[in-house]
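Enquirer: My structure is below; once you've seen it, I'll send some questions.
The values are calculated or read from the model by the stated rules, or taken from the named source; none is laboratory data. Keep in mind the model is a prediction, meaning the values are calculated, not measured. For neighbour counting, all protein chains shown are included, and Cβ atoms are generated from backbone atoms with ideal geometry for every residue, glycine included.
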Amino acid sequence: MTEVPIHSGLTAHAVACCFSYYGYRKQLSVFLCRLGTTQYVKLRTRLYDIIDLGADQVLFIPLCPRCVAGMEAMGRPTDPPEKNDVVMVL
């Protein structure tokens with residue numbers, strides 16, 4: 001899971017575009033990404049260039065296999081969870 005407290009609307013838009021490249025939007029500010037190791041490193045590199053390291057913060061919180069296995073959805077069906085799922089909250 002990733003939480004992104006961003007101080008600038010322009011930066012938040014750029015971060016959302018970055019997340020969209022690696023996954024898909026689940027809600028207004030929630031993204032689900034399936035990332036391998038290389039993709040994860042590329043995402044972090046792109047975010048490093050976008051955010052203001054003195055004012056913004058991105059927290060990467062890994063989901064354990066038990067949490068991934070327990071993911072549920074109501075309403076529209078979603079793909080079954082995978083071990084490399086990363087949830088990002090903007």
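Enquirer: For the range 64-77, state whether one or more residues are touching a residue at least 24 places away in the same chain (Cβ under 8 Å) and touching a strand residue (DSSP E or B) at 6+ places or on another chain (Cβ under 7 Å).
Expert: no
Enquirer: From the list Y48, Y40, pick out the single residue that is among the hydroxyl-bearing types (S, T, Y), surrounded by 10 or more Cβ atoms within 10 Å (Cβ to Cβ) and free of Cβ contacts under 8 Å to residues at least 24 places away in the same chain.
Expert: Y48
Enquirer: Also, quick follow-up: Sort through R66, R76 and tell me the only one that's part of a loop (DSSP other than H, G, I, E, B) and farther than 28 Å from L10 by Cα.
Expert: Every option except R76 fails the conditions.
Enquirer: Among the candidates T37, T78, single out the residue that is of a type in the set (S, T, Y), out of contact with any Cys (no Cβ under 6 Å at 6 or more places or on another chain) and more than 20 Å from S20 (Cβ to Cβ).
Expert: Result of the check over T37, T78: T37.
Enquirer: Here's a follow-up. State whether one or more residues within the range 46-67 are at pLDDT 85 or above and of a type in the set (V, I, T).
Expert: The answer is yes, given that some residue of the range 46-67 is at pLDDT 85 or above and of a type in the set (V, I, T).
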